[in-house]
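Visitor: What follows is a structure written as structure tokens; I'll ask about it next.
The values are calculated or read from the model by the stated rules, or taken from the named source; none is laboratory data. Just so it is clear, the model here is predicted, and its values are computed rather than measured. Virtual Cβ from ideal backbone geometry, glycine too; neighbours counted across all protein chains shown.
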Amino acid sequence: MSDSIIDPATFRSVLGRFASGVTVVTIRDAQGADHGMTVSAFCSLSLLPPLVLICVEKGASMYDALAQSTRFVVNVLEASQEELARRFAEEHPDRFDGIGFTRGLNGAAIIDDCLAVIECDVLARHPGGDHTIVLGTVIGAATREGRPLLYYRGGYAMLER
């Protein structure tokens, strides 16, 4: 590993100036247990074929389950779902308790009232520093009207139009 030319605090501060959408990524493991976590490191990769990617820290609570999973769902949160973003970002004994959801094509949880949902099969995983980059082939998607929940400078924000 090479020496960094920028310290982590400065890098975090700079990246905090980039507003991103907020998602909750969900999976269902081989034993049928649901797992989910808040992920802001998400983006589209390709239209043809339809590909997306998520980046998950190796120390994340659902990292091991995601490393074994062949499928995942990206739930793009709506502005009114900040509480969900916080719940899935923190340690919680049962993140899905009391949360409305249905099952997607791949069996993972699709959270009620999200702005968009993207169902994926895992295409590949690549190391990326303290994260793993997970590429997903999109097998299903849906949208609804609303405003996105954003993450900016360490906090949640809403888009005003």
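Visitor: Only one of Val74, Val39 is surrounded by 20 or more Cβ atoms within 10 Å (Cβ to Cβ) and at pLDDT 95 or above; which?
Guide: Numbers: Val39 fails: at pLDDT 95 or above.
Checking each option against the conditions leaves just Val74.
Visitor: Any residue in segment 131-144 that is modelled with pLDDT under 95 sitting within a Cβ distance under 6 Å of a residue that is small (Gly, Ala, Ser)? List the pairs, counting only those 6 or more apart or interchain.
Guide: Partner pairs satisfying both residue conditions: none exist.
Visitor: Hey, another quick one. When you check Gly32 against the structure, is it touching a residue at least 60 places away in the same chain (Cβ under 8 Å), surrounded by fewer than 21 Cβ atoms within 10 Å (Cβ to Cβ), small (Gly, Ala, Ser) and under 24 Å from Asp97 (Cβ atoms), yes or no? I'd like the intermediate steps shown before the answer.
Guide: Working: touching a residue at least 60 places away in the same chain (Cβ under 8 Å): no; surrounded by fewer than 21 Cβ atoms within 10 Å (Cβ to Cβ): yes; small (Gly, Ala, Ser): yes; under 24 Å from Asp97 (Cβ atoms): yes.
No: the conditions fail for Gly32.
Visitor: So, one more: Determine the pairs where a residue that is touching a residue at least 60 places away in the same chain (Cβ under 8 Å), located within segment 39-50, has a partner that is polar (S, T, N, Q) and surrounded by fewer than 15 Cβ atoms within 10 Å (Cβ to Cβ) with Cβ atoms under 9 Å apart, the partner being 6 or more residues away or on another chain.
Guide: Hits for this filter: Pro50/Ser44.
Visitor: Moving on. Counting just the residues of segment 45-68 that are at pLDDT below 95 and not hydrophobic (A, V, I, L, M, F, W, C), which one comes out surrounded by the fewest Cβ atoms within 10 Å (Cβ to Cβ)?
Guide: That would be Gly59.
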